Amino acid sequence: MADGLSAEVAAEAGVAPDDGAVPATGWYAGDIERVVVSEARLRERIEELAARVAADHPGQKLLLVGVLKGAFVFMADFARALGRHLQVEVEFMAISSYGQAVTSSGVVRILKDLDRDIAGQSVIVVEDIVDSGLTLSWLLRYLESRNAASVRVVALLRKPKAVTVDVPVHYVGFDIPNEFVVGYGLDYAERYREVPYVGVLKPAVYTRP
Ligand code: XMP
Ligand code: MG
């Protein structure tokens, strides 16, 4: 792994089996088929990720770059967990794919750019989920072109396809099955971002008018 990051730390993920019964709380409770990662396991794993990132960057100040909108919940919890170990600052970017083109080219459109110069800074990209890795690979190239001193990636969730593509994800929360998940920042049609766990929707939700 580049810049001294140990191979063992890189891309090691927690296992995310189904995490038990759906809590009865929340307007959305009846829409969730299964919990994939519970609140308790999210909390625990984020503490572990923060401790690892801190151990790999002793005494450094880290600039966290969150990818909107999906990463906003993870960013909030991860920044506070990391902040117990070292100094952090936060920035956000919003990007969207150029329609279908992203599947072949990985070309994305910047909806909201960084608010500052990142030259010379140690950057940690904070991503909600990596699937094909195309979004991330574009983003890494972009941040490197802005002359960051280093760029590493922490992704809360990783789908199976991402393991096979050549994009570095240095820290991974959980490997999840190849299913569409919502909650903890992730949406379906802009809904369910406020769900406090990661779950799978009931099929009926997708066919509702
Ligand atoms: P790629 O394929 O570029 O995609 O790695 C990453 C982006 O795709 C979205 N995505 C999801 N969003 N539930 C979601 O709400 C999912 O299961 C899911 N899988 C991929 C997401 O925007 C992510 O940043
Ligand atoms: Mg979305």
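The values are calculated or read from the model by the stated rules, or taken from the named source; none is laboratory data. The structure presented is a predicted model; accordingly, all values stated were derived computationally and were not measured. Virtual Cβ from ideal backbone geometry, glycine too; neighbours counted across all protein chains shown. Ligands, DNA and RNA are excluded from the accessible area calculation, which covers all protein heavy atoms including side chains. Shrake-Rupley method; radii C 1.70, N 1.55, O 1.52, S 1.80 Å.
Each row is one residue, and each column tells you yes or no for (1) open to solvent by 20 Å² or more (accessible area, probe 1.4 Å); (2) away from ligand 2 (no atom under 16 Å from the Cβ); (3) in a loop (DSSP other than H, G, I, E, B); (4) over 23 Å from ARG146 (Cα atoms).
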{"residue": "ARG43", "(1), (2), (3), (4)": "yes, yes, no, yes"}
{"residue": "ILE46", "(1), (2), (3), (4)": "no, yes, no, yes"}
{"residue": "LEU49", "(1), (2), (3), (4)": "no, yes, no, yes"}
{"residue": "LEU63", "(1), (2), (3), (4)": "no, yes, no, no"}
{"residue": "MET75", "(1), (2), (3), (4)": "no, no, no, no"}
{"residue": "ARG80", "(1), (2), (3), (4)": "yes, yes, no, yes"}
{"residue": "HIS85", "(1), (2), (3), (4)": "yes, yes, yes, yes"}
Original post:
Is there a residue being over 20 Å from PHE74 (Cβ atoms) and either modelled with pLDDT of 95 or more or over 16 Å from the mean Cα position of the chain (by Cα) (or both) anywhere in the stretch 121-129?
Top reply: yes
Original post:
In this structure, does GLU33 turn out to be in a helix (DSSP H, G or I), on the phi < 0 side of the Ramachandran plot, surrounded by fewer than 16 Cβ atoms within 10 Å (Cβ to Cβ) and not small (Gly, Ala, Ser)?
Top reply: no
Original post:
For the stretch 109-130, does any single residue satisfy the condition of being open to solvent by less than 50 Å² (accessible area, probe 1.4 Å), of a type in the set (S, T, N, Q) and within 16 Å of ligand 1 (Cβ to nearest atom)?
Top reply: no
Original post:
What residue, among those in the stretch 162-178 that are more than 15 Å from the chain's Cα centre (by Cα) and free of Cβ contacts under 8 Å to residues at least 40 places away in the same chain, is nearest to THR25 (Cα to Cα)?
Top reply: ASN178
**OP:** Determine which member of the set ALA155, ALA94 is under 17 Å from LEU42 (Cβ atoms) and part of a strand (DSSP E or B).
**Re:** ALA155
